[in-house]
Amino acid sequence: TSLAMGAGVALLATGVAFLAAYAMVFLPRRGAGLWFGLTLLTLYFPVEARMLPTFDVAVTLGLTNTLAGLVLPVLPLALATLVFRQHLRSMPPELLEAARLDGAGPLRFLRDMVLPLSLTPIGAVLVITFLLGWNQYLWPLMISIDNAHFPLMRGLNLTGAGSGASMVLASVSILPPVLLVLGFLRLMSRVTAIRI
């Protein structure tokens, strides 16, 4: 469950936030600043602060004991959107002009120019959001009644502090985040070697 939560949070948050930031920077519309401000406003309301209303909405939508119920309420979209927006704003506007002169539309510009130049922030956001989903403890306890949906952190609590089983489980729980960080560092070294 922890792996599914971490991967779900990472992929959804990264994908949605990247597309939102791309639209805010390269496809500006009236009120884009207001939408960005409203997105950032959600940083003031973490899951723990809005636990009961979020639980009521999740129950109403029938999301109890589902992976969607575990993932959707904890998406860190504001943080990821902020990172991507700042990265995309640092790109020279001449890139968009050159793409338009070559006849590239918004999707081709995104695929051919923006995505290859954004591998490092995409990797960083994937790592951060995976860790946020992986370390969830309280929300899965509220939204899932079934033991099959308990995360690994709940297993650490159930095995008892200091026992041999808890030490093994703690060692296993560290492996996916460490492997993900090592993979990100390898990606960064490749990307910086290509740019140099």
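The values are calculated or read from the model by the stated rules, or taken from the named source; none is laboratory data. This one's a predicted model, so the numbers in the text were calculated from it and none came from an experiment. Methodologically, a virtual Cβ is constructed for each residue, glycine included, from the backbone with ideal geometry; neighbour enumeration extends over all protein chains shown. The protein model used for the area step is the full one, side chains on, heavy atoms only, and it has no ligands, DNA or RNA in it. Shrake-Rupley method; radii C 1.70, N 1.55, O 1.52, S 1.80 Å.
Of 167, 33, 90, whose Cα points farthest to the positive end of the dipole of the chain (charges on the beta-carbon: +1 Lys, Arg; -1 Asp, Glu; origin at the Cα centre)?
90
When a/c is below 1.5 the answer is rounded, else prolate if a/b is larger than b/c, else oblate, so apply that to the range 54-122 with a ≥ b ≥ c taken from the square roots of the Cα gyration tensor eigenvalues.
Prolate shape, in that a/c is at least 1.5 and a/b is the bigger ratio.
With a Förster radius of 35 Å, plug the Cβ-Cβ distance of residue 67 and residue 181 into 1/(1 + (r/R0)^6) and report the FRET value to the nearest 0.05.
That gives a FRET efficiency of 0.90.
So how strong a dipole does the range 1-109 carry about its Cα centre when Lys and Arg Cβ are +1 and Asp and Glu Cβ are -1, to the nearest 20 debye?
Charge dipole of the range 1-109: 220 debye, to the nearest 20.
Quick one: how many Å² of residue 48 are accessible to a 1.4 Å probe, rounded to 10?
It works out to around 120 Å².
Can you tell me how much longer the chain between residue 188 and residue 104 gets when fully stretched, taken as 0.36 nm per residue apart minus their C-alpha distance, in nm with one decimal?
Additional length available on full extension: 27.5 nm.
Let me know the Rg and Dmax you get for the range 25-165 when you use only its Cα atoms, in Å.
In order Rg, Dmax, the Cα atoms of the range 25-165 give 20.0, 65 Å.
Taking 7 Å along the Cα-to-C-beta vector as the label spot, tell me the residue 38-residue 165 distance in nanometres, rounded to one decimal.
With each label point 7 Å from Cα toward Cβ, the separation is 4.9 nm.
Would you please state the base-10 log of I(q)/I(0) at q = 0.18, 0.23 1/Å for the range 1-102, with intensities from the Debye formula using one equal scatterer on every alpha carbon?
Here the Debye-derived log intensity ratios amount to -0.93, -1.23.
Once you've got the GNM for the chain with C-alpha springs shorter than 10 Å, pick whichever of 54, 42, 159 has the biggest mean-square fluctuation.
The residue with the greatest mean-square fluctuation here is 159.
Using a Förster distance of 22 Å, how high is the FRET efficiency between residue 131 and residue 29, based on the Cβ-Cβ distance and rounded to 0.05?
After rounding to 0.05, the efficiency reads 0.10.
In debye, nearest 20, what is the charge dipole magnitude of the chain about its Cα centre with +1 on Lys and Arg Cβ and -1 on Asp and Glu Cβ, if you could check?
With Lys and Arg at +1 and Asp and Glu at -1, about 380 debye.
With the convex hull built on the Cα atoms of the range 6-49, state its orientation-averaged projected area in nm².
Mean shadow area of the hull around the Cα atoms is 3.5 nm².
Residues of the chain: accessible area per residue at 1.4 Å, in Å²?
I get 58 Å² per residue for the chain.
Pick from 83, 59, 127 the residue whose mean-square fluctuation is largest in a GNM of the chain, springs joining Cα atoms under 10 Å.
59
Which of 44, 137, 22 moves most in a GNM of the chain, Cα contacts under 10 Å?
44
Please state the shape class of the range 97-196: rounded when a/c is under 1.5, otherwise prolate if a/b exceeds b/c and oblate if not, all from the C-alpha gyration tensor.
oblate
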